[in-house]
Amino acid sequence: MHRPFCNKLLFIRGTSFGLSFGRLVVAIACLIFSPALLAVDPPVIKGTNAVLDKTDSVKDLRYGTVLYEFYQENYFEALKLLNVAKAQGGIKNHGDFPELMEGGIALSYGLDHKAQEIFNRLLESNTDQSVNSQVRFYLAKVLNERGLALEAARVLGTVSENSLPKEIRGEYLFHELNLYLETTIDQINELENVVQRQAKQRRSSGAPAGATESGKAQLSQEQKDLKALRETLWSKASNIIESIEKGSIWQLYGQYNLAITYQQLGQSLQGVAIMESLVKAIDNVTEQNDELRALRDRANMAAGYMNLYDERYYLAMNAFKLVHLDSLFSNKALLGYGWAALKAGNQQLSVNAWTELSKRSASDLTVQETFVAIPYAYEQMGIKGAALSGFEKAVGSYQHAIARIDDVIADVEQGQFIDAFFQGYELGRVGWFADTPAIPLTVPIQYLASIVTLGQFQEVLKDIQDLMSLRLNVEHWLDTVGTYRDILEARKIAHERFIGAGGRVSLYKEKQALAKKLRDEYELLRAELDRVKRNREVLALSDNEEMQSLITLKQAKEMLETFVEQPHFAKVGKSEKYQQRIDRLSRLIYWQANDAFEGRLWAVEKQMSIIKQALRDTQFSGLGVEKALDITPELKRYDRKISSLEKRLNNVLFEIDQHVEQHKSNMRALAVAQLRQQQNSLRRYMRQANLAIVRLYDESVSASEDYSEVKP
């Protein structure tokens, strides 16, 4: 029978990033620049010098609009406004913070080199070691999140540990440990491959004795180098872990990853010992939480598989039993427990564990494996009939699942799976830390859940999200350009009418007459407003709602006076009460108008000032008339510019559509490949079940023939 299913034991990369993209850039900004530049109260960071703006106000209107979009997490709009401001001379009086924001947004879009260039330029202008170290640490975290381990290691190597605050030093050491373990494991594996390759070549070459001795010496030296590299790895890794605060989550994660490293390099006994020590350390933590519980279950599951692969079956069973049944790792723990029990000779325990696992979602390959594992255990127990029935049932289940996956593959290849993610997509957050589109309900998630959670799939999905958001922006720009064209056409028509209205003199007189008429109307309005202000006629500046309410109350009062004269109404005796209510409401409205009078008067005065300024601008001179008549070249220039913009934007749309289709094709290929892998696993299980069925039938026939031979 095959080895039990288990994914390769993997490193823990750490907890979730912990900062949204916006918060990340804000954190970096707090480190480099004055906290007063931000619209929030940032945490106090020791050793940070406020080196730029000391005020807490926005001095440049364009900077204010950029900040608004940024804090609304409309990063593309903020980036657009930044570039517009840069083209118009840049944002003034706010130091390098706009450039920092541009670098952060570029980083969110995956433009790592552009962001790195900006950050490096900004860091060069700030000499505070603590600030620089923290900023570089944040950059390394983002690069590591994007899978750029080598670049992250390079940036992390420039960080001075001693200059970091205590609060983040443990996390820094954890990331340093991870990157060190990964790079060193790669070196060890590469060196081991070289040693094995050279040894194989010497054995097959039939080299002379002298050459063989020389080769042995060289091989021995390489083996020494390999041993030294291993010893250095254990020593340095242990020192890093010891440097992390004892009992902190970062130290616990570091212990786990070190244990996995031992297992990957063939020293699982040491790995198990570290896992057991890790579990004890977690149990000693006073304040337990879900994260610690998950880590404990993961460590026990990993220790169980380490023992299982090294044939320490009872130790493996003990480790698997410590995994909670409701944890994310319980499926693999139940599967491993069953195999350990079976190898230890306790088939009934293996059947019990696998039966519990078989009741769970059949989309999990660990559950699929139980369909063939349970009858295999029955066979080992000598219950041939139950085993045969179980294998036949397993074949049916696998055939149904394989056929269903074929249908899912057909849907994926037709694009339904990918397109379902973006149905009704609207413009929203974009960038690496944007929310991934939700899994649509139409997707057969039982077969695609493992695909959707793949990092590669998520990255392509986010790229498409960025592209579609960009497409919506470009479409909006095209609509805006179309509006500009409509305005230009209207101006052309107005200009033609303007020219044909009677010549220059007639045009000048018309404008002068219009200006005089407008000035006269302004003077009347000015006098009326002065009277209202002087007499404090608060109702004169009432809004429509208040005036309508007063009219309604007046009508109600008139109706009440009419009804009072009617005998049947007078008997009721409530006319005075109604009259009081009307008066009370009228006084309330008057009070509201009086309360708002000063503000309304100020607003009207402001509008009058604008009108007065506009009237000054209507003074036409002969030169002005001639200039107004000769705007044809200007209209043509705008027409060429608008046409050029339309062409550029349409080309961008075409390129975006090509990239989106390419990414969707990549997603389809990735999904189909993963589904094929699921089918291959199911076919492998089905072949094992079919072979077991044939074997059991053969054994049954052989037993029957043996019985007939001895029959008297």
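List of remarks:
- Selection status of ASP283, free of Cβ contacts under 8 Å to residues at least 60 places away in the same chain, open to solvent by 50 Å² or more (accessible area, probe 1.4 Å), in contact with a helix residue (DSSP H, G or I) (Cβ under 9 Å, 6 or more places away or on another chain) and within 26 Å of ARG684 (Cα to Cα): no
- Hey, ARG154 over 29 Å from GLU459 (Cβ atoms) and either modelled with pLDDT of 80 or more or part of a helix (DSSP H, G or I) (or both) or not: no
- Qualifying residue in the range 328-335 (condition: in contact with a Gly (Cβ under 7 Å, 6 or more places away or on another chain) and within 27 Å of GLN677 (Cα to Cα)): yes
- Single match in LYS511, LYS516, LYS606 (criterion: out of contact with any helix residue (DSSP H, G or I) (no Cβ under 9 Å at 6 or more places or on another chain) and at pLDDT below 80): LYS516
- When LEU177 is tested against (1) modelled with pLDDT under 80; (2) open to solvent by less than 20 Å² (accessible area, probe 1.4 Å), exactly one condition is not met: (1).
- For the range 310-414, the helices (runs of 4 or more DSSP H) that sit wholly inside it and include 3 or more residues that are aromatic (Phe, Trp, Tyr) and at pLDDT 90 or above are 313-321, 365-381.
- Single unsatisfied condition, GLU369 versus (1) open to solvent by 40 Å² or more (accessible area, probe 1.4 Å); (2) of a type in the set (D, E, K, R); (3) closer than 20 Å to ARG684 by Cβ: (1)
- THR212 meets all of the listed conditions (1) open to solvent by 20 Å² or more (accessible area, probe 1.4 Å); (2) of a type in the set (Val, Ile, Thr); (3) at pLDDT 75 or above but one, namely (3).
- Filtering the range 149-167 to residues that are among the small types (Gly, Ala, Ser) and without any contact (Cβ under 8 Å) to a residue 40 or more places away in the chain leaves ALA149, ALA152, ALA153, GLY157, SER160.
- Candidates LEU696, LEU691: the one that is modelled with pLDDT of 80 or more and open to solvent by 30 Å² or more (accessible area, probe 1.4 Å) is LEU691.
- Residues (over 20 Å from the mean Cα position of the chain (by Cα) and either without any contact (Cβ under 8 Å) to a residue 40 or more places away in the chain or more than 18 Å from GLN662 (Cβ to Cβ) (or both)) located in the range 466-481: GLU475, HIS476, TRP477, LEU478, ASP479, THR480, VAL481
- Note on the range 484-499: among residues that are open to solvent by less than 70 Å² (accessible area, probe 1.4 Å) and without any contact (Cβ under 8 Å) to a residue 40 or more places away in the chain, the one that is farthest from ASP639 (Cα to Cα) is ALA494.
- Top-ranked residue of the range 127-148 - restricted to ones that are under 19 Å from ALA106 (Cα atoms) and open to solvent by 10 Å² or more (accessible area, probe 1.4 Å), ranked as modelled with the highest pLDDT: ARG136
The values are calculated or read from the model by the stated rules, or taken from the named source; none is laboratory data. Model, not experiment: these values are computed from the prediction. For neighbour counting, all protein chains shown are included, and Cβ atoms are generated from backbone atoms with ideal geometry for every residue, glycine included. For accessibility, only protein heavy atoms count, side chains too; no ligands or nucleic acids. Shrake-Rupley method; radii C 1.70, N 1.55, O 1.52, S 1.80 Å.
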